[in-house]
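Computed from the coordinates by the stated procedures, all read-outs in this text should not be read as laboratory data. Keep in mind that this is a model prediction, so the values were computed, not measured. All Cβ positions, even for glycine, are placed from backbone atoms using ideal geometry, and neighbour counts span all protein chains on display.
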Amino acid sequence: MGAFSPEMRERAENLLTLYPKRRSALIPLCHLAQEQAGHLTSPLMEEIAELTGVTPAEVYGTASFYDMLHTEQVGKFLVGVCTNVACLLQGGGELLEHAEASLGVAAGGTTEDEMFTLEEVECVAHCDKAPAVQVNYRFFGPLTGESFDDLIAKLRAGEYDGVVPPHGTLTRVTRENGIEVPLDEVLAERKEMDRAKAERKAAAEAAKEGN
Amino acid sequence: MSNAETPASVHITLDGVEIEAKPGELIIEAAERAGTFIPRFCYHPRMRSVGVCRMCLVEVSGPRGFSLQPSCYLPVAEGMQVVTKSDKVKKAQDGVLEFLLINHPLDCPVCDKGGECPLQDQTLAYGPGESRFVEEKRHWEKPIEISKLVLLDRERCIQCDRCTRFADEVARDAFIDFAGRGDNTEISTFPDREFTSYFSGNTVQICPVGALTARPYRFKARPWDLEEAESTCTQCSLGCRMAVQFSRGEVTRFVGIDSDVVNTSWLCDLGRFSYEALDSDKRLVEPKVRYRSEMADVSWRDAIARVGTHIRNFTSGHGAGSIAFLGGAGFTNEGIYSFVKLAKTAIGTSLFDADIDGGVPASVVFATPRATLVEALEAKVLVVASSDVREELPVLFLRLNEAVKKGLRIIEVSELETSISPLATERLPFSAARLAASLRSGGAAAERLAAAVNASAGDAGEGAVFLVGKSNFADPSAVYGSLASVCSKKWPAAKFLFSNSRANIFGAMDLGAVPGWLPGRVAAPASDDAREIIARAADEPMLLFLLGVDPLADLPDTALVKAALENATVVVIDSFENSATDYADVILPLAAFGESAGTTTNFEGRVTRLGQVTVPKGQAKPDYLIAAEIAREIGAPSGRTAPEAIFAEMSGELALYRGVSYADLASNRYPDGLVVPLGRKAISIGSGPRKLDPIATPGLIAPYHQGPAKPFASEEAGPATKVDGGAPSVSAPNLPEFTVDAAAVSAPVEGRLRLLLTRRMYRPTPQLAAAPILSQLTAQAEVRVAPATLESIGAADGSEVKLTGDHGVEVLVVARADKALPEGVVQGRLGKGANLLQLVRSGSWATHVKVGSN
Ligand code: SF4
Ligand code: SF4
Ligand code: FES
Ligand code: FES
C-alpha cells in the first residue's frame, strides 16, 4: 500500500533511527524518495510526512525550497546548462538556446519521452571547462552545439549508463552491501549524552537549592 | 518561586524616557505599554516571535554602540537604551516598506483589506511615499481557493508567517506552509489538498494584508462602512467574545475579540461563519398555523390565539401536565426565563427540558464547585473526561494546546483517541461508566486516575480541575452525572467544568429550564426529561412546544420520536426550517442571532451581553416577546417585554444574579461579562476598549458598547456595587446519587459490538443547512470499525455496511477501517446521510450493534 517500495521503506526506517527527532530525517527521506521515483510524487511526500510526523504540506514546503528536490516529474536525465559569468562569456547563452531548440523544450521543461529535463543553472564550479553542462550532477564541457547533441544522443542510447545513473540515484550512500547503520554505536552514544544531560541538570538543580 | 536572579522589573530608556518593563518582556511590548507604538507585521502577541518582517527595527544600545534590532524579538534588559524615532530607524522603516511593496500589487481599490490594512496604514505612516521600482512585478494566478472558506491572493502576501504559525502552533493543523524560495515564495497547501482546518478563519483575521480572504465576506463591504457591536458567539457553550460587524442592517462579519479569559481573539469557523445562515431563505419568517393539512401564513395575533386555545384545551382536557417544553438552550437568558415562567407559573407544568442532548445533569453541575476557564488552564492537573473538545467546544482546544505548552498537565480519560490525546500527559482508556464504577468500588481504573491526580494535586484534589462531558452520545446522562459526582466526592477540593455544548445550556439550567429545577438553581420535585416526555407523547395527548430544537435530529429512538410528533400537537418556535416543522400545528418565527438583545451564559457561568445589530427578519420576534405574548393570551400577568427589565427582574428575584446589572455587563469595566453567582474570584476587570487587531494604529478598536449607540449609565458611576462581595450567594445543593448499572454498561454481548457515538463540529443542524458555504462542509455519518471486523464481513474501507441495533433497527452507513479502535467497540460518528441515533434505545445502559455487509 505504501508509496515506498519495501526495500526503500526499510532504508527509510533505518534512516529515521539515526536522528533524535524524527522530523530531522525529512530531507534524507526526500532523497530516498527521489532515488526510487526520480522525483517526489505526492504519495511519497505523504508517506514521508507520516514517517516524520509532520503534515504533507510541511514536506511539500520543505521540498519545494530546495532546487535539488523535485516535486514535479523530471526526466531520467536532468540537464543543466550553466549561464553564469564564465560560461556566459564562452557562449553558455547560445548553448542554452541551442539546447532548447534541439530538445524541443524551454528551460524548465521535460521532453515528451520523459528522458530529459532542461534547466538553466548558476555556476556549477566547472568554469575551467566553460561552457559547462551538468547531467544528473555529472559534468561535461566545454560543449558546442554539436557536442551537446552528441552527448544527448549517447545518453539516450544508454552509452553513458555506467557514468550517469538515472536522476535521483544516491550513488554516494549506496554501497555494495547497502548502508550500514552503526546502530549500536549511535544508541550507546545517545545514552551517554542523555546521562550527561541528566547529570548536568541534577548539578544545576543542586546548585539552585544551595542558594 | 522567584529567586534573587529575577528582579520584579527592569528599567530601560525609551526615546530618552526611563520606563519600567517586566523581565523577559519584548521591547515592542514594553514600548506599547508605555504608549509608544512600534510598527510591525509579523509580531502577534498570541504567537511565538519570529522576527521575519523587520518592520519593527529600532536602535538598541549594546557594547558596540547603537544598532538596529527587531524589537519584537529582543527582550528588554536592565539599562537598555531604545530609540524608536531616529533618522536611522526611519530609514530602516522606509527601506523595509519599499522592499515589501516591490512585489505588492497595490490593488487596494479592489482588495477586501483596503481600509483596515496594516500594510496600507503603515506605509502611509512610516513609508517612503514613493517607489523606485520600475521593473515587472511578479504575477500569480488569483485568487486560489485553498478551502471552501478561504481564498488566497499570493501576490499580496508579505511572508509574515502569521497564518502558517497560527496553523502550526495554535491550531496544530499545519495544512499550509511556505513553498518555494526567494521571490517565488508562496503560501501553499499540499498539492490537491485543502486547508481543512476548523480554525482557518483566524488566518484571515490575522493576515496583515489582503492575501487571505474569507469567501463569505469577500467583496461584501468596506470596513469604513461597517458598524460593530460586541457580542458572544452562541454556536457552543464556550461563548467566544466577538465583534459583530454590520452594514445597512445586515450582519457582514464576525471578528474575534482578544478576551484573555475566554477566546484570546480566536474563533472557530463554525462560529465565525455561522452568520451566513441569517439571511437564508430557510429562515422561518412568517407565523403559520395548520388549516386542515396545510400550513398557512397568518398574523401573529391569530397564531398566538391558536396557541392560547391549545393551552386552554389541553389544560382543561388533560391537565397542565400534558403540556411540555423541549429545548430553549439556544435562547437568551431573558427568553428562557420568560418561557420558564410561562410554563411553570402561568401554565403550571413542570415539563421543561432544554438539555436535549442529555448531557451532564444540572443536579451535578450545581452541586460541584465550578472552575473558570482560566482556572482550568492554570490547574495543577486537568482531567478531561469528555467528548472530543475540538468537536464540541472548538476554541477550547486552542486554549488547551496553548496551556499545555505553558506546562499544563492533562490526564485524558477516553476510550477513543481524541484531539486531546496528543496533548495529554497520559490517556486512561476507560469508559466513563467503568471509571465511575471503579471509583465507587475500587479497581485499576480508579487507582490509575488517583495516582495521576494525587501526584499533582494531593488527596483532596486542591488545584485539580475536571472537565466532564458526554463522550458517548449513546449513553444515558446518569453515567456522566455519576462520574462527576464520585470525582467530586473523592476530591472535594477539585473544581469542575462541563462540556454540555449547546449555546446557552448553562443559562437554561440556571433558569430552571431543566427537569427538577426552578429559576436560580432552586430545587423542585423531579420530573420527566426530554426522552420520557417524548415517550409519553407517543401515546398520550400532549401539547409540545419545540424551542429551537429538532427532536428528530437530536433524540435517540427516531421511530418513537416520529410517533410522538405525529400524535402530539406541536408548536414550533424556531429561526430555521427543520424536520420537526413538518409536524407543526403552529410555527412562530424566532429572531435569530444579532436580531435580538439579551444575555447568554457560557459553560463557566459567565453571563455576557448579546449585541443586537439589526431588526428581526420578516415577522420574526425575540424569544422573550413570544413568551410574553403567549402569557398575555392565556390571561397570565403579562411578563416584561424588554431584556433590561427582564434581567432586572432576574437579578432582583434570584440570588444567583444578585449584584449583576444589565448595564454593567456591557460596560468597559466588565468587558467579558461576569461569572454568576458573584464570588471573590469571579471578576475580570477590563481596561477600556481592546484592539481587535494588535497590529496597526489606528487599527480596529473593539466596540465598547453593545447594541446601537447607547451610553451606559454605570460607565462613569465608579465601581459597580457588590461585585466584589464575599462568598457566593447561592449555596450548592448536595451531591446527587446516581444508580448506574456498571455491569450492563460494559458487559460484552455475543456477536455484537458496543456502539460509541460521537459528534463533529460541522454536525448537521438546521442553521448549518441554511448556510450556503458551511453546509458544504457538513460531516457525513460514518462508522469506524476494526479492520479485522470489516474483513470478516467482506466489506472494504469506504463501503456501506449495515448496522443492526438491539431492537432490530437497521441503518446503512459508510464504514471506515480504524486500527486504533479498542476491542469490542465501533465508533459511530454522527453526521448527514445516516441517522445513527436511531440505533439507540432511550433508557438502555449500553447500545450494541451487529455489523453486517450491505
Ligand atoms: S498570507 Fe498573510 S498571514 Fe500568511 S504569510 Fe502571507 S501576509 Fe502573512
Ligand atoms: S468555540 Fe464555540 S463559542 Fe467559540 S467561536 Fe466556536 S462555536 Fe463559537
Ligand atoms: S560559470 Fe559556468 S560552471 Fe562556473
Ligand atoms: S520582525 Fe518584528 S514585527 Fe516583524
- Rounded to whole Hz, the Karplus (6.51, -1.76, 1.60) HN-Hα couplings of the stretch B:230-235, x for glycine and proline: 6, 7, 10, 5, 10, 8
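Quote the relative contact order of the stretch B:401-462 in percent (integer), defining contacts as alpha-carbon pairs under 8 Å separated by 6+ residues.
Working: 56 pairs, mean separation 13.9, N = 62.
Answer for the stretch B:401-462 is 22 percent.
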- In a Gaussian network model of chain A with springs linking alpha carbons closer than 10 Å, the residue among A:Ala63, A:Ala198, A:Ala157 that fluctuates most is A:Ala198
- Principal axes of chain A: Cα extent on each, largest first, Å: 78, 44, 35
- Task: Per residue of A:52-59, count partner chain C-beta atoms within 10 Å of its C-beta, then hand back the mean as an integer.
- Result: 6
- What's the average, rounded to a whole number, of partner chain beta-carbon atoms within 10 Å of each residue's beta-carbon in A:60-70? 4
- Task: Hey, can you grab everything whose amide H is under 5 Å from the amide H of B:Val384? Only 5+ residues off in sequence or another chain; H modelled, so Pro and N-termini drop out.
- Result: B:Ile411, B:Glu412, B:Val413, B:Leu467
- Cα-based Rg of the protein assembly as shown per 2.2 N^0.38 Å, rounded to two decimals? 1.05
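Find the Cα radius of gyration of the stretch B:363-498, compare it with 2.2 N^0.38 Å by division, and give the number to two decimals. Kindly include the intermediate steps, with their values, before the conclusion.
Values: Rg = 13.2 Å, N = 136, 2.2 N^0.38 = 14.2 Å.
So the stretch B:363-498 has a normalised radius of gyration of 0.93.
Within a 10 angstrom radius of the beta carbon, how do A:Glu58, B:Glu250 rank from fewest other beta carbons to most?
B:Glu250, A:Glu58
Highest first, please rank the peptides B:179-191, B:529-541, B:346-358 by the mean number of other Cβ atoms sitting within 10 Å of their residues.
Working: B:179-191: 17.0, B:529-541: 20.0, B:346-358: 23.8.
Peptide ranking by packing, descending: B:346-358, B:529-541, B:179-191.
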- Each residue of the stretch B:139-150 in order: what ³J(HN,Hα) in whole Hz does its phi give by Karplus 6.51 cos²θ - 1.76 cosθ + 1.60, θ = phi - 60°, with x for Gly and Pro? 10, 10, 5, 9, x, 9, 8, 8, 7, 4, 9, 10
- Item | Euclidean distance of C-alpha centroids, the stretch B:375-437 and the stretch A:27-62, integer Å | 32 Å
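Rank by packing, highest mean first: peptides B:641-649, A:185-193, with packing defined as the count of other Cβ atoms within 10 Å averaged across residues. The partial results should precede the final answer.
Numbers: B:641-649: 18.9, A:185-193: 10.9.
The most tightly packed comes first, giving B:641-649, A:185-193.
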- Modelled FRET efficiency - R0 45 Å, A:Asp67 with B:Asp87, Cβ distances, 0.05 increments: 0.65
- Based solely on its DSSP helices, what 222 nm [θ] is calculated for chain B when runs of n ≥ 4 H residues each add -39,500 (n - 2.57) and the sum is averaged over all residues, nearest 500 deg cm²/dmol? -6500 deg cm²/dmol
- Amide H to amide H, which residues 5 or more places from B:Phe576 or on other chains are under 5 Å from it, using H placed in the peptide plane? B:Leu284
- Taking every other residue with Cβ under 11 Å from the Cβ of A:Leu51 and scoring Lys and Arg +1, Asp and Glu -1, one gets -1
- Message: Run the helix sum for chain A: -39,500 (n - 2.57) per DSSP H stretch of 4+ residues, divided by residue count, reported at 222 nm to the nearest 500 deg cm²/dmol.
- Response: -15500 deg cm²/dmol
- Query: Other chains' Cβ within 10 Å of B:170-177 residues: what's the mean?
  - Reply: 4
- Under 5 Å from the placed amide H of B:Phe195, counting only residues 5+ away or on other chains, we find B:Ser147
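Could the peptides B:396-404, B:584-592 be put in order, highest first, of the mean number of other beta-carbon atoms found within 10 Å of their residues? All intermediate terms of the calculation are to be shown ahead of the outcome.
Working: B:396-404: 22.6, B:584-592: 24.8.
Descending packing order for the listed peptides: B:584-592, B:396-404.
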- Message: Filter A:Lys21/B:Lys819; B:Lys22/B:Lys85; B:Lys341/B:Lys832; A:Lys197/B:Lys406; B:Lys406/B:Lys489; B:Lys406/B:Lys832 down to the pairs with a C-alpha to C-alpha distance above 32 Å, please.
- Response: B:Lys341/B:Lys832; B:Lys406/B:Lys832
